[in-house]
Amino acid sequence: MKRAITLMTILLAFAIFAMPTHAENAWYPCTPVSGAYYVGSRLHVKCSNPNPPGDTTFYFALSTSTTSWKGKTEVNPEAETVMNIITTAIAEGKTINILCDIDDESGADIGCQTIDCRLMKAIEIEF
C-alpha cells in the first residue's frame, strides 16, 4: 500500500510538471502610432514594435463595455482614462508599457484578432 501511494505521488508530480506552462502577466513596451475607439466594443493601441520582439502582436485592446451586477451593459469607466493615456503618449512621443498575458487570446470576443492583438490588463506612460 505504501509503495502504491509513493508511486502515485511520483506519477502525479510528473504529470503536474509535464503540463504545458501558461505565460505569466508581463509588461511590454510600446511606442504607440495610433489609437482607436470602437463604440460598444473596444479601444486599442497600435505599437510600432511587435511584442514580444519577434512576435506578431502589435495591438493591445480593452473592452469599452462592461456588464453591471444588474446584468445591464454599461460603458467601461476605465476606457476614457486608457484612451487619454494613449493619446497623450502619441501626442508627446512617449513610450507606454502594457501589462498583458501574451498567450491569452480571449480578446477575440471583442474583435481583437488573435493573430496580432492581446487584451491589456494595465497601462502606464513613461515621462
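Quick note: the coordinates plus some simple rules give every number you see, no bench work behind them. Since we're looking at a predicted model, the values are computed, not measured. Virtual Cβ from ideal backbone geometry, glycine too; neighbours counted across all protein chains shown.
For segment 23-66, what log10 I(q)/I(0) values come out of the Debye formula at q = 0.17, 0.29 1/Å, with one point per alpha carbon and no solvent?
-0.52, -1.01
If neighbour count is taken as other Cβ atoms inside 10 Å, put VAL75, VAL39, VAL45 in order from fewest to most.
Details: VAL75 12, VAL39 9, VAL45 26.
Fewest-to-most ranking of VAL75, VAL39, VAL45: VAL39, VAL75, VAL45.
At ILE115 and SER34, where each label point lies 7 Å from the Cα along Cα→Cβ, what is the point-to-point distance in nanometres?
Simple spin-label model gives 1.6 nm for this pair.
Give the total of Lys-Lys pairs in segment 23-125 with Cα-Cα distances below 26 Å; include a pair only if its members are 8 or more places apart or on different chains.
Summing the qualifying lysine pairs gives 5.
Could you give the length gained by full extension between GLU24 and GLU74, i.e. 0.36 nm per residue of separation minus their alpha carbon distance, to one decimal place? Could you put the intermediate results ahead of the total?
Working: separation 50, 0.36 × 50 = 18.00 nm, distance 2.93 nm.
Result for the pair: 15.1 nm of gain on full extension.
In nm², what is the average projected area of the convex hull enclosing the Cα atoms of segment 18-127? Don't jump to the answer; show the numbers that get you there.
Working: hull surface 31.9 nm².
Reported value for the Cα convex hull: 8.0 nm².
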